[in-house]
1. What accessible area, in Å² to the nearest ten, does a 1.4 Å probe give for residue 71?
2. Compute the FRET efficiency between residue 81 and residue 139 as 1/(1 + (r/R0)^6), taking r as their Cβ-Cβ distance and R0 = 30 Å, and round to the nearest 0.05.
3. What accessible surface, in Å², does a 1.4 Å probe find on residue 123, ignoring ligands, DNA and RNA and rounding to the nearest 10?
4. Going by accessible area, probe 1.4 Å, with all protein chains left in place, what is the ranking of 37, 8, 125, largest first?
5. Based on the alpha-carbon gyration tensor of the chain and its eigenvalue square roots a ≥ b ≥ c, which shape applies: rounded if a/c is under 1.5, prolate if not and a/b is larger than b/c, or oblate?
6. Is the C-alpha gyration tensor of segment 61-149 telling us rounded, prolate or oblate? Criteria: a/c under 1.5 is rounded; beyond that, a/b larger than b/c is prolate, otherwise oblate.
7. Need one number: nm distance between label points at residue 41 and residue 20, each 7 Å from Cα along Cα→Cβ, rounded to one decimal.
8. As an exercise, use a Förster radius of 30 Å and the Cβ-Cβ distance of residue 9 and residue 59 to find the FRET efficiency, rounded to the nearest 0.05.
Amino acid sequence: MNNIEAEIDDYLARYASTLTSYDAHAAADLWGSPGMILNDQHGAGVLESREAMASGLEQYYPLYRKLGLASVGYERLSHEQLSSTVFLVRVRWLFYDEDGNQMTDSLGSYILRRGDEGLRAFVCIPADDAEKLQALAAKQGINLFDETP
């Protein structure tokens, strides 16, 4: 493993840890400003500050808890250096229940930039998280549309 692979894995492990602990402020600290979420459902959403990012993340935590998501892991699928400080990273997020059983997964692509604070995400492109969370909710008898902000 080369240095950037270790740096990316450290970043992803810290991000997964913030998701596991439902620490929106720590997760937002791993983002640059502005941050953008680009998806099929809502197009592009730009969050101008880390506070806005933390607030957005916190809105989803009650739903995640209701679904029984207790911890998050990851697999780095690939990375590509786009410039001297910018990287495209593909990730498979793994979501587990309190017994350690995998409940679902999701794919995402991130544009990370290395700066004075280390790696920070500036763009996230989730591939299938909405569909997979909806399927998990349906399996558990939860109406996702009533729960999502």
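1. 40 Å²
2. On the way: r = 39 Å, r/R0 = 1.31.
Working from the Cβ atoms, E equals 0.15.
3. Number for this one is 30 Å².
4. Descending accessible area places them as 125, 37, 8.
5. prolate
6. Working: a/c = 2.48, a/b = 2.19, b/c = 1.13.
Because a/c hits 1.5 or more and a/b exceeds b/c, segment 61-149 counts as prolate.
7. 2.5 nm
8. The pair residue 9/residue 59 has a calculated efficiency of 0.60.
The values are calculated or read from the model by the stated rules, or taken from the named source; none is laboratory data. All values derive from a computational prediction rather than experimental measurement. Using ideal geometry, Cβ is built from the backbone for each residue, glycine included, and neighbour counts are taken over all protein chains shown. Just the protein is used for accessible areas: all its heavy atoms, side chains included, with ligands, DNA and RNA removed. Shrake-Rupley method; radii C 1.70, N 1.55, O 1.52, S 1.80 Å.
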